[in-house]
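A.B. asks: If you scroll down you'll find the structure; I have some questions about it.
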Amino acid sequence: ENRGPTYTVPCDDYVHVVEFSPFTSGTPASLLAYGCNQYVVVGTCLFQEENMNMEGVEFNVLRVFHHDSRVDTLSWSPESRLDRIPTIRFCTAAPDRKICLLTSDLQDRHEVKVMEGHSSYVNHLVFEPTEGKQIASVSDDHTCRVWDLDGNESAIFRLRSPGISVCWHPEEVFKLMVAEKKGTIRFYDLVSQQAILSLDCGQSPLSAADWCLANTIKVGAVAGSDWLIWDITRSSYPQEKRPAHRDKAQQFKWSRAQENLFATTGCPGKVSSQLLIHHLGHPQPVTVGSVPVGSGLSWHRTLPLCVIGGDRKLCFWVTEM
């Protein structure tokens, strides 16, 4: 059965991307950023699941950052923290093909570094998760590029089709996963700058892929209207594959709190966009959510809770496990 969100937070504009920080903020609250047409809102979230003395969700806006164009993808730096000396750092990509690195102390210091090099739309980017000294991005220009924080390219991988998703290994900083539209997922070694392993969807187009950071032998993706799961120690072909959405599936994200939990979204259709939360042990989705239009998908760092952006709101679903 379709169910509405557990919590909603109103926004002033259509939300194109929303991301929980996957790193601790140094406080009980989680950092959350969402991107709209010409700005990014950074705030903190606290949920009643984390604090018995409150109801629902408390969302506090820390700062609104102006952006030259629509923000389509965003990644948090592990250096973003609110304790000691507050620092916010994240990177964004927009339709202008530029990557923006934004650093702020939430007071007067506010720096924007623009990185140029991609010749076509940037589909996804991610910070190196241990120190946050590098950023990887993938584009329709058939490249994956690795940048330092000064905007220098330290590696370029030539792809055989548009790069759709990029993920960094949580501990091994030299391992990068890159998913291509034609259905291939490759793992690269940044030291040798060679591909060390590849996975095959057996179908295309691939719309999104994610590396399970709670158990890195698992990779998931959506291609066409199906979701697919690999065990990379067993085969280059998926261990499991199921139809998920009536039309095309759009996104795939693993839960950070539970290694068998993942979410997929359908493309915003004529009626509504569907959020499905799946558990590997269950034949049917454990949660079916519905939102009139939806974009962006992100999981909370420690709770079985995910967020989707909508028209003038953020929608949060809690999954009972």
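The values are calculated or read from the model by the stated rules, or taken from the named source; none is laboratory data. Computed from a predicted structure; not experimentally measured. Here the Cβ positions follow ideal geometry from the backbone for every residue, glycine too, while neighbour counts run over all protein chains shown. Note: accessible area is taken over every heavy atom of the protein model, side chains too, but ligands, DNA and RNA are not part of it. Shrake-Rupley method; radii C 1.70, N 1.55, O 1.52, S 1.80 Å.
A.B. asks: Rolling a 1.4 angstrom probe over the protein chains, ignoring ligands and nucleic acids, what is the accessible area of H142 in square angstrom, nearest 10?
C.D. replies: Counting only protein heavy atoms, the figure is 70 Å².
A.B. asks: With an 8 Å Cα cut-off and a minimum separation of 6 or more residues, compute the relative contact order for segment 7-318 in percent.
C.D. replies: On the way: 913 pairs, mean separation 41.2, N = 312.
Dividing the mean separation by the residue count of segment 7-318 yields 13 percent.
A.B. asks: Let me ask you something else. So if I place +1 on the C-beta of Lys and Arg and -1 on the C-beta of Asp and Glu, and nothing else carries charge, what would the dipole magnitude of segment 7-318 be about its Cα centre? I want it in debye, nearest 20. Show your work: numbers first, answer last.
C.D. replies: Details: 29 positive and 35 negative charges, 155 e Å.
For segment 7-318, the charge dipole is close to 740 debye.
A.B. asks: In whole Hz, with x marking every Gly and Pro, tabulate ³J(HN,Hα) for segment 293-307 from phi via Karplus 6.51 cos²θ - 1.76 cosθ + 1.60, θ = phi - 60°.
C.D. replies: Karplus-based 3J(HN,Hα) across segment 293-307 equals 9, x, 8, x, 7, 8, 9, 5, 5, 10, 9, x, 9, 10, 10 Hz.
A.B. asks: For S21, what residues show an amide H to amide H distance below 5 Å, using hydrogens built from the backbone and excluding near sequence neighbours?
C.D. replies: So S21 has HN proximity to L31, L32, A33.
A.B. asks: Still on this structure: 5 Å is the cut-off here: which amide hydrogens, built 1.01 Å from N in the peptide plane, fall below it relative to S139, excluding neighbours closer than 5 in sequence?
C.D. replies: Placed amide hydrogens put N123, G163 under 5 Å from S139.
A.B. asks: Report the relative contact order of segment 1-50, percent, no decimals, based on alpha-carbon pairs under 8 angstrom and at least 6 residues apart. Kindly include the intermediate steps, with their values, before the conclusion.
C.D. replies: On the way: 55 pairs, mean separation 14.1, N = 50.
Relative contact order comes out at 28 percent.
A.B. asks: Near the amide H of G183, under 5 Å away, which other amide H atoms are found, from residues 5 or more places off or on another chain, if H is placed in the peptide plane?
C.D. replies: L206
A.B. asks: Now, a different point. Tally Lys/Arg at +1 and Asp/Glu at -1 over every other residue whose Cβ is under 14 Å from the Cβ of L46; what's the total?
C.D. replies: Working: positive: R301; negative: E49, E50, E55, E58.
Net local charge, L46 excluded: -3.
A.B. asks: Still on this structure: Each residue of segment 223-231 in turn: what ³J(HN,Hα) in whole Hz from Karplus with 6.51, -1.76, 1.60 and θ = phi - 60°, glycine and Pro shown as x?
C.D. replies: My calculation for segment 223-231 gives 9, x, 10, 9, 9, 9, 10, 10, 10 Hz in order.
A.B. asks: Continuing with the same structure: With θ set to phi - 60°, apply the Karplus curve 6.51 cos²θ - 1.76 cosθ + 1.60 along segment 242-250 and write out the HN-Hα couplings as whole Hz, x wherever there is a Gly or Pro.
C.D. replies: 9, x, 10, 10, 4, 9, 8, 7, 10
A.B. asks: Please report, to two decimal places, log10 I(q)/I(0) for the chain at q = 0.14 Å⁻¹ as given by the Debye formula with identical point scatterers on the Cα atoms and no solvent.
C.D. replies: Ignoring solvent entirely, the Cα scatterers give -1.09.
A.B. asks: In square angstrom, what is the accessible area per residue of segment 7-318 with a 1.4 angstrom probe?
C.D. replies: Per residue, segment 7-318 has an accessible area of 41 Å².
A.B. asks: If you don't mind, there's one more thing I want to ask. To the nearest Å, what is the center-to-center distance of segment 46-121 and segment 229-267, using C-alpha atoms only?
C.D. replies: 27
A.B. asks: So, with a 1.4 angstrom probe, what is the percent of accessible area on segment 7-318 that is carbon and sulfur? Intermediate values should be presented prior to the final figure.
C.D. replies: Details: 5840 of 12810 Å².
Accessible surface attributable to carbon and sulfur in segment 7-318 totals 46 percent.
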